[in-house]
Amino acid sequence: MLISSVDKCRLPQHVAIIMDGNGRWAKKLGNQRLFGHRKGVNSVNAAVEISTELGIKHLTLYAFSTENWSRPKDEVDGLMSLLVSTIQDQTPKLNKNNIRLNAIGDLDSLPAAVNKKLMNAIEKTSQNTGLVLTLALSYSARWEIINAVKEICKEVQQGKLDVEAINEQSFPLYLTTREMPDPELIIRTSGEQRISNFLLWQCAYSEFYFSPVLWPDFTKEEFIKAIVDYQGRERRFGKTSDQVKV
Ligand code: FPP
């Protein structure tokens, strides 16, 4: 499917991806799981490039969940080194393409070297005005929601916030995604059809696209397919079809 199949006037502003299937991809070829994660970086680059080419404003990638810490130590260490080397290699390209790097999650729980490299890249790209690339790292939506609730409770206790002022507009200002719109489209690869603790508040009205393709095989063309599929849907937000057509 070609880029010309995409209606540039009806692009989602925010696409979020659950990159899944690296391990299975590697095992299928008789390799270690880490081999799949390394290959997955090519698909990360492809998704970033096509998002920039299309003019999508926000791309959020679920790169490491809170639950991923309980994987075997070798795999966690390998993923952390891969993050450091990828961030290091890609930062000049992010700047060249006007992309701003951002991260959400419990970033303090990352190894110091990863945290430092990440903060450095975020700072170096902070003036860029094109695509905002957000990496969800040591992220889980339940962690995020609990954090927001704690923050709100503190402000109420300190008399800075009135309980009556807590509503659907003010609550998300306490989430890590406060500076971005909710994702209109969430893609999950590898045939799994779950949300896995990702953006639970923010996905209230997201469209879901489940691709059978394993993440290392998720090319620009697969990304375009997801966008075209999304563009063929009617988003009703609880209204009737006739109401949204008006
Ligand atoms: C899920 O596949 C993938 C991950 C847990 C890690 C994703 C990381 C990358 C693509 C590489 C680094 C990323 C960046 C942003 C530089 P899985 O291991 O759960 O696969 P499986 O379900 O087949 O076991």
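The values are calculated or read from the model by the stated rules, or taken from the named source; none is laboratory data. Since we're looking at a predicted model, the values are computed, not measured. Virtual Cβ from ideal backbone geometry, glycine too; neighbours counted across all protein chains shown. Note: accessible area is taken over every heavy atom of the protein model, side chains too, but ligands, DNA and RNA are not part of it. Shrake-Rupley method; radii C 1.70, N 1.55, O 1.52, S 1.80 Å.
When a 1.4 Å probe is rolled over the protein heavy atoms, the share of accessible surface on segment 39-89 that falls to carbon and sulfur comes to 54 percent.
For segment 150-190, a simple Cβ point-charge model (Lys and Arg +1, Asp and Glu -1, everything else neutral) yields a dipole of about 240 debye relative to the Cα centre.
Dipole magnitude for the chain: computed about the Cα centre from +1 point charges on Lys and Arg Cβ and -1 point charges on Asp and Glu Cβ, it is near 520 debye. Between the amide H of Asp20 and those of Thr189, Trp215, distances stay under 5 Å, these residues lying 5 or more places away or on another chain, with hydrogens modeled in the peptide plane.
Taking amide H as placed 1.01 Å from N in the peptide plane, Ala136 has its amide H under 5 Å from the amide H of Leu61, Tyr62, Ala63, Phe64, Ile104, each at least 5 places away in sequence or on another chain.
Annotation: amide H of Glu207 within the under-5 Å range of Leu185, Ile186, sequence separation 5 or more or interchain, hydrogens built in the peptide plane.
Once the 1.4 Å probe is applied to the protein heavy atoms, segment 56-150 comes out at 48 Å² accessible per residue.
May I ask you to evaluate 6.51 cos²θ - 1.76 cosθ + 1.60, the Karplus curve with θ = phi - 60°, for each residue of segment 169-181 and list the ³J(HN,Hα) values in order in whole Hz, giving x for glycine and proline? Values per residue, Gly and Pro as x: 8, 7, 4, x, 5, 9, 8, 5, 9, 4, 8, 10, x Hz. Remark: relative contact order (segment 11-105) = 30 percent; criterion is Cα-Cα distance under 8 angstrom and separation of 6 or more residues. Per residue, segment 195-246 exposes an accessible area of 55 Å² to a 1.4 Å probe, with every protein chain left in place. Taking a ≥ b ≥ c as the square roots of the eigenvalues of the Cα gyration tensor of segment 132-171, is the shape rounded (a/c under 1.5), prolate (a/b larger than b/c) or oblate? Prolate shape, in that a/c is at least 1.5 and a/b is the bigger ratio. Here the alpha carbons of the chain define both size measures, Rg and Dmax, at 18.6, 60 Å. Taking Ile186, Ile152, Ile56 in turn, the Gaussian network model of the chain (Cα-Cα springs below 10 Å) assigns the largest fluctuation to Ile152. Whole angstrom only: what separates the Cα centroid of segment 1-71 from the Cα centroid of segment 102-168? Centre-to-centre distance over Cα atoms comes out at 22 Å. Ranking Val41, Ile152, Ser196 by Cα position along the charge dipole of the chain, where only Lys, Arg, Asp and Glu carry charges on their C-beta atoms, puts Val41 farthest toward the positive end.
Across Val213, Val15, Val156, mean-square fluctuation computed from a Gaussian network of the chain (C-alpha pairs under 10 Å connected) peaks at Val156. Using a Gaussian network for the chain with springs between C-alpha atoms less than 10 Å apart, which of these wobbles most: Lys124, Lys150, Lys160? Per the Cα network of the chain with a 10 Å cutoff, Lys160 tops the list.
The lysine pair tally for segment 1-157, using Cα distances under 20 Å and a gap of 8 or more places or different chains, is 15.
Taken about its Cα centre, segment 1-73 carries a charge dipole of roughly 400 debye when the Cβ of each Lys and Arg holds +1 and the Cβ of each Asp and Glu holds -1.
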